[in-house]
Structure formats: structure tokens, C-alpha cells
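Undergrad: Have a look at the structure that comes next, please.
The values are calculated or read from the model by the stated rules, or taken from the named source; none is laboratory data. Keep in mind that this is a model prediction, so the values were computed, not measured. Cβ placement follows ideal geometry from the backbone for every residue including glycine, while neighbour counts extend to all protein chains displayed. SASA here: full protein model, heavy atoms, side chains in, ligands and nucleic acids out. Shrake-Rupley method; radii C 1.70, N 1.55, O 1.52, S 1.80 Å.
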Amino acid sequence: MTFLVLASVVGVGAWQAWGPASRALGLEGLGLEGPGAGAPWSDPPEPSPTPTALDAGLAQRFADAQAAAAAEGVPLTLTSGWRSADEQQRLVDEAVVTYGSVEEAHRWVLPPEKSAHVAGLAIDVGPVEGARWLEERAAGFGLCRTYQNEWWHFEPARPDGTCPEPYVDSSWGWQ
Ligand SMILES: [Zn+2]
């Protein structure tokens, strides 16, 4: 009896140790997690080494621009900021359906490993009126419009405050 109780306590401890470790190693979804509902590792996720939010500096630059726009009565909202790799891949998949090929899709949506959104270093803004307002003043806020075909997409300026010439589309930045 004593042995059985001890064994069950050790068993629970082992599962508790295994749970967070499996998460940290990115093993979720591989069928290695053990029991699901009510398992001891159904607590919030561990901190991730990859970005899980918009870069703080970029968020501040946008907040400054938004406040200045509001002071002039111009609507300026964030329509997309940081995206997870999964979200980004879903957008690529949708774009392939929309545009008919991977090459054409990448003119609009980069794969996760290339996307500044996944790195937390890009914002999409709206509406058109607000985006135009921001485009004219972007440098003053340390922001750059990066792609000629995406009026809504902005990234942080270089450390010296300059912007690269806008690429024709997103595929030009890396192909
Ligand atoms: Zn974008």
C-alpha cells in the first residue's frame, strides 16, 4: 500500500515536470503531451524566445503618430501589428488561393521567416485617410512606408532616422 501511494505521487511529479518542458521544447501537437484536459500543464504558456508582441519602440512611435493625428481630427488605427508564425502562414495560404501562385502571393504576404510582422517590426494602419496622413509625416515619427503596393504597411526607420527607398512590393525585399 505504501509503495502504491508513493508510486502515484512520483507519477504526478513526473507529469508536472514533463508538461512545461514539452511546451518549452515546442512539442505541443506532436502527441507527446500525455493526458489532455485537466492535466497539470494546462496553465498559461511559458515565455517564448520569439516575439509575442509588437516591438515596444515601434508601438510607441505609432502611439505618438496616432495622438498627433487625433489632434488634427484624422482617424488613424492599427489594423495589424505583431503576428504569430501560424497566423502569417495562414495569410500566405489565403493569398495563394487569392492570387493563384506562391510567387504572386509573396508579393503581398511574406512567409513567416521573412515577415517583419512576425518579428514585431511592422504595422498595418488604416483607414486610407489616416495612412495618407501618416505617409506624409512618417519620417517625423521614425517610421517608413516600405512597399509601393501596400499603402497601409509601415516599419521603423533606420537608427539614423532614414528610410530605404520603398520596394515595389514585398517580394523585392528578399527574392
Ligand atoms: Zn503589413
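Undergrad: Can you find a residue in the stretch 120-127 that is within 12 Å of the ligand (Cβ to nearest atom) and farther than 23 Å from Gly57 by Cβ?
TA: The answer is no; no qualifying residue exists.
Conditions (1) within 17 Å of Ala67 (Cα to Cα); (2) in contact with a Gly (Cβ under 9 Å, 6 or more places away or on another chain), marked per residue:
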residue	(1), (2)
Gln88	no, no
Gly120	no, yes
Pro127	yes, no
Cys144	no, no
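Undergrad: Looking at this structure, is Arg90 more than 15 Å from the ligand (Cβ to nearest atom) and of a type in the set (Lys, Arg)?
TA: no
Undergrad: If you scan the stretch 131-160, which residues turn out to be in contact with a helix residue (DSSP H, G or I) (Cβ under 6 Å, 6 or more places away or on another chain), farther than 22 Å from Arg107 by Cα and open to solvent by less than 10 Å² (accessible area, probe 1.4 Å)?
TA: Leu134
Undergrad: Tell me, please, whether a residue that is within 13 Å of the ligand (Cβ to nearest atom), aromatic (Phe, Trp, Tyr) and over 21 Å from Gly57 (Cα atoms) can be found in the stretch 154-175.
TA: yes
Undergrad: Consider Glu33 carefully, then state whether it is surrounded by 17 or more Cβ atoms within 10 Å (Cβ to Cβ), away from the ligand (no atom under 16 Å from the Cβ), modelled with pLDDT under 95 and on the phi < 0 side of the Ramachandran plot.
TA: Details: surrounded by 17 or more Cβ atoms within 10 Å (Cβ to Cβ): yes; away from the ligand (no atom under 16 Å from the Cβ): yes; modelled with pLDDT under 95: yes; on the phi < 0 side of the Ramachandran plot: yes.
Yes; evaluated as a whole, the condition is true for this residue.
Undergrad: With the structure loaded, tell me whether Val74 is more than 13 Å from the ligand (Cβ to nearest atom) and more than 13 Å from the chain's Cα centre (by Cα) or whether it fails that test.
TA: It is true that Val74 is more than 13 Å from the ligand (Cβ to nearest atom) and more than 13 Å from the chain's Cα centre (by Cα).
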